[in-house]
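Remarks on the structure that follows.
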Amino acid sequence: MSMTTPPPTPGGVPPGWYPDPATPAVERWWDGTTWSAHTRPAAVPPASSPGRGRTVALAAVAAVVVAALVVAGVVALDGDDGEEPGTAGPPATTSASTTGPAPTSPPSTSPAAEDPTRVADPLNGITLPVLKGWEKPKYISGGVPTIATTGTYPCPGAADVNCRRGTVNSRTVSGTDAATPEAVAKEDIALAADAFFEEDVLGNRPYGGIVSHKVVAARPAVVAGRTGYLVRWQLTTGKGPGAYVQSLAFSSPLGSESPVVVRFAFDAGPEGPPLAAMDEITKGILPIGSTTSGGVGAPLTPGS
């Protein structure tokens, strides 16, 4: 290998890395006497290579940005405000974000933007009232519009399962030939009883199953401006103080007037909700966008 010896320095050329005379883009090791076979990328590009200089400059800028992000992350995770990692507030805005126009936020679709006193059932065109001591459960089986009493307790028939003292939900009626509110309610009540107080989807029997029932109410009812019908059963369950279940059928206030059923499930006994709450919720069911019942007397006839 024939190469030019590094420029002389006082006392000779000491061992070290020097620009390779044959390949300026790399540095080669000078052992003090001759060039070795060891090379590495040049630490500083030659001034005669503008293209490479621009690439290195961009890389340096990128490195600075990455370093800044790392420092910001460390500050956010190790701040002196006592917060645990992952709970810090949003990252500080950069100077660029303060000079441009403020971003336009999309319309809020969070639960906070909804009426906290009502639960909407857009499919059936109604809203359910949230009474005092009731709430919108965060986790709803089947995704049906639901209100329930606050808090849970170990189910009497399955201590590792949590139960609610009261639950009400609404759903569209399907797969039936019933054409009147009375027929729909009488057909649905057994289904509602099984859904709430028999075996659940995981095979648990939270109330030990249904032992017997008796009808305690069966009458017309006005719901969301429609003439509907309700059937209420008192249940004796295998475990616990028993329960009440009710099916309330009426036609949707929407143009289709499809049959709707609202199901009620209350624990019996002194800790359960008062039965008067069933009537209060029934009176509080309104057409979406309305603050009144919307009129009285529309019949429940599918397709009418």
Residues of segment 260-304 that turn out to be modelled with pLDDT under 95 and under 22 Å from Thr176 (Cα atoms), as a count: 7
Selection status of Pro181, without any contact (Cβ under 8 Å) to a residue 40 or more places away in the chain and more than 21 Å from Gly142 (Cα to Cα): no
Residue satisfying all of: in segment 251-281; of a type in the set (Asp, Glu) and closer than 18 Å to Phe196 by Cα; surrounded by the fewest Cβ atoms within 10 Å (Cβ to Cβ) among these: Glu271
Residue count, segment 176-189 (criterion: assigned to a loop (DSSP other than H, G, I, E, B) and over 19 Å from Asp121 (Cβ atoms)): 4
Residue count, segment 184-213 (criterion: touching a Phe, Trp or Tyr at 6+ places or on another chain (Cβ under 7 Å) and over 25 Å from Gly255 (Cα atoms)): 6
Search result, residues across segment 254-296 that are more than 24 Å from Val184 (Cβ to Cβ), of a type in the set (Asp, Glu) and part of a loop (DSSP other than H, G, I, E, B): Glu271
Matching entry among Leu230, Leu248 (being closer than 17 Å to Gly166 by Cα and buried (at least 21 other Cβ atoms within 10 Å of the Cβ)): Leu248
Scan of segment 247-280 for residues that are in contact with a Phe, Trp or Tyr (Cβ under 9 Å, 6 or more places away or on another chain) and either farther than 25 Å from Ala159 by Cα or not assigned by TED's automatic domain parsing to the domain that holds Pro206 (or both), ordered by number: Ser247, Leu248, Ala249, Phe250, Pro259, Val260, Val261, Val262, Leu275, Ala277, Met278
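The values are calculated or read from the model by the stated rules, or taken from the named source; none is laboratory data. It should be emphasised that the depicted structure is a prediction, and the values quoted were computed from it without experimental measurement. We place every Cβ from the backbone using ideal geometry, glycine too, and count neighbours over all the protein chains shown.
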